[in-house]
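Q: One structure, pasted below without further comment.
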Amino acid sequence: MNKPLILVVEDDPPVRNLITTTLKTNDYRYLVAANGETAILEASSHNPDIVLLDLGLPDMDGVEVIGNVRSWSNLPIIVISARSEDSDKIEALDAGADDYLTKPFSVDELLARLRATQRRLSYMTAEMLSASSVFVNGKLRVDYAGGCAYLDSRELHLTPIEYKLLCLLSKNVGKVLTHTFITQNIWGRSWENDVASLRVFMATLRKKLEPEPDSPQYIQTHIGVGYRMMRIE
Ligand code: CA
């Protein structure tokens, strides 16, 4: 199999060097771009496997790069941002980013995100090929056609909203979904009190799904941002 090709979009040379050195020593191939315009050009001409994208670029906002790439491709985008504000991450995720890393990040963290994204990619490809209507993750099984879910072959008794939530998370396994994305998909709108209800439904879903709701395995909380279903190996 070919080594994965990563497009590194970063204008800060020390950070860019850290990333490319890490990629080189871990058997990845890479391309670099120091601004948004080059990033879009490189992405469209080389079709990389994953894009690592800094949000603060000299010529345009990284969110614009996401918007441009998403108009023609679903290739995974991991946002790298020095800004710790949740609103920037949320904006990038809502524009179509798959995941995010906040600067300063460790090499291990970077590699873990890349591996998680690769797992998600191969899962999505296998899923498309098999056109399966059953989702399996660890002990969880969701039968989309039958409209039911099982844990350890025991049927979960879910309310319609809990079931919709579980399907939305499982169909986007590995991806961080923002509160706005989830509430719009579940209720068709996103009001302040919908986010509050989402927390309540998420808590009841977790009680049924997680063996230990206090240390969840399946659904990860991103405080102030949203939720993600973890892919269980
Ligand atoms: Ca920057």
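Q: Once you have the Cα-Cα distance between Asn26 and Leu168, take 0.36 nm times their residue separation minus that, and quote the gain in nm to one decimal.
A: Extra length available between Asn26 and Leu168 comes to 47.8 nm.
Q: Tell me the net charge near Asp61. Cut-off is 12 Å between Cβ atoms, Asp61 excluded, with +1 for each Lys or Arg and -1 for each Asp or Glu.
A: Charge balance near Asp61 sits at -4.
Q: Now a separate question. Only helical DSSP H runs with n ≥ 4 go in: add -39500 (n - 2.57) per run for the chain, normalise by residue count and round the 222 nm mean residue ellipticity to 500 deg cm²/dmol. Intermediate results must be reported in sequence, preceding the final value.
A: Numbers: 8 runs with 106 residues, N = 233.
Only helices count here, giving -14500 deg cm²/dmol.
Q: Another question about this same structure. Comparing Leu165, Leu53, Leu177, which has the greatest mean-square fluctuation in the GNM of the chain with Cα pairs linked when under 10 Å apart?
A: Sorting by GNM fluctuation, first place goes to Leu165.
Q: Student exercise: in the range 1-159, how many lysine pairs 8 or more apart or on different chains have Cα atoms under 29 Å apart?
A: Qualifying lysine pairs in the range 1-159: 6.
Q: Follow-up. Probe radius 1.4 Å, ligands and nucleic acids ignored: give me the carbon and sulfur share of the accessible area of the range 108-190 as a rounded percent.
A: 53 percent
Q: While we're here: To the nearest 10 Å², what's Asp49's accessible area with a 1.4 Å probe?
A: Roughly 60 Å² of Asp49 is accessible to a 1.4 Å probe.
Q: Let me ask another. If you take every residue apart from Leu52 with its C-beta less than 9 Å away from the C-beta of Leu52, what net charge results, scoring Lys and Arg +1 and Asp and Glu -1?
A: -1
Q: If you take the square roots of the eigenvalues of the alpha-carbon gyration tensor of the range 65-118 and sort them as a ≥ b ≥ c, do you get rounded (a/c under 1.5), prolate (a/b over b/c) or oblate?
A: oblate
Q: Can you give the accessible area per residue of the chain, in Å², using a 1.4 Å probe?
A: Working: 11620 Å² over 233 residues.
Result: 50 Å² of accessible area for each residue.
The values are calculated or read from the model by the stated rules, or taken from the named source; none is laboratory data. From a predicted model like this one, the values you see are computed outputs, not experimental measurements. Reconstructed Cβ throughout: ideal geometry from the backbone, glycine too, with neighbour counts over all protein chains shown. Ligands, DNA and RNA are excluded from the accessible area calculation, which covers all protein heavy atoms including side chains. Shrake-Rupley method; radii C 1.70, N 1.55, O 1.52, S 1.80 Å.
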